[in-house]
Amino acid sequence: MKRFILAFQFLTVFPIRTSVEVEPGALSGSMAYYPLVGAAQGAVLVAAYAGFSIFFPESITAALIVLVLALTNGALHLDGFADTVDGLAGGATPEERMRIMRDSATGAVGVVFVVLLLLLKYLAVRELPADARLQAIFLFPVVGRWAMVPMACWAPYARKEGGLGEAFAANSYSTLIAATL
């Protein structure tokens, strides 16, 4: 239960107050619960869609769903995406890219790509077939959170000097299997 709470605290803005102490390996182990946290976010999105669609046309409802997704996870995915795009666009060497990604300011390239990503998400929700819309809205965060697990398992950690992400890079194949199940 501790690892689920850690995953929920890390991936969402929903306040869960607990006196859980974080032992070594708990953050990487918590990744087994990422798809379950995604399912909770998916349930929120489905409920929000059902509520919004009563009062608003489909276009506004789709935009509000994208907004709710960003709000429920504190726009964590958008911040990371902007940092990555800025680093890849602005750095000629791996060291320069890492320096740019660590910078808390978002550059023009990052802003443009975040806007395009939000537009793409809006269009994806808007264009979903009506008979599969709720299932897809539910599955978006589930699959998105699951995708973080194999990436942490297979990709080498990029920073030489360490950082928060290093705690997740210790992810094991058993965590990947658990998250997949």
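The values are calculated or read from the model by the stated rules, or taken from the named source; none is laboratory data. All figures in this text were calculated on a predicted structure; none of them were measured in a lab. As a convention, Cβ positions derive from the backbone with ideal geometry for all residues, glycine included, and neighbour counts pool all protein chains shown. Just the protein is used for accessible areas: all its heavy atoms, side chains included, with ligands, DNA and RNA removed. Shrake-Rupley method; radii C 1.70, N 1.55, O 1.52, S 1.80 Å.
On the basis of being more than 14 Å from the chain's Cα centre (by Cα), farther than 30 Å from TYR173 by Cβ, without any contact (Cβ under 8 Å) to a residue 60 or more places away in the chain and assigned to a loop (DSSP other than H, G, I, E, B), does SER53 make the cut? Can you show your working first?
Numbers: more than 14 Å from the chain's Cα centre (by Cα): yes; farther than 30 Å from TYR173 by Cβ: yes; without any contact (Cβ under 8 Å) to a residue 60 or more places away in the chain: yes; assigned to a loop (DSSP other than H, G, I, E, B): no.
Taking the combined requirement at face value, the residue does not satisfy it.
Within segment 107-123, work out how many residues are over 18 Å from the mean Cα position of the chain (by Cα) and of a type outside the set (Gly, Ala, Ser).
As a first pass, look at segment 107-123 and keep what is over 18 Å from the mean Cα position of the chain (by Cα): 107-109, 112, 123.
Retained after the next criterion (residues that are of a type outside the set (Gly, Ala, Ser)): 109, 112, 123.
Residues meeting the conditions: 3.
Specify which of the listed residues (GLY90, GLY74, GLY110) is in contact (Cβ under 8 Å) with a residue 12 or more places away in the chain and over 25 Å from PRO141 (Cα atoms). Give the steps one after another, and end with the answer.
On the way: GLY74 fails: over 25 Å from PRO141 (Cα atoms); GLY110 fails: over 25 Å from PRO141 (Cα atoms).
Answer to the check: GLY90.
Here are some conditions: (1) among the β-branched types (Val, Ile, Thr); (2) part of a helix (DSSP H, G or I); (3) touching a Lys or Arg at 6+ places or on another chain (Cβ under 6 Å); (4) at pLDDT below 95. VAL20 meets all but one. Which one does it not meet?
Every condition holds for VAL20 apart from (2).
Identify, from the list ALA7, ALA48, ALA63, the residue that is touching a residue at least 12 places away in the same chain (Cβ under 8 Å), open to solvent by less than 70 Å² (accessible area, probe 1.4 Å), under 30 Å from ASP131 (Cα atoms) and touching a Phe, Trp or Tyr at 6+ places or on another chain (Cβ under 8 Å). Steps first, please.
Working: ALA7 fails: under 30 Å from ASP131 (Cα atoms); ALA48 fails: touching a Phe, Trp or Tyr at 6+ places or on another chain (Cβ under 8 Å).
Testing whether each residue is touching a residue at least 12 places away in the same chain (Cβ under 8 Å), open to solvent by less than 70 Å² (accessible area, probe 1.4 Å), under 30 Å from ASP131 (Cα atoms) and touching a Phe, Trp or Tyr at 6+ places or on another chain (Cβ under 8 Å) leaves just ALA63.
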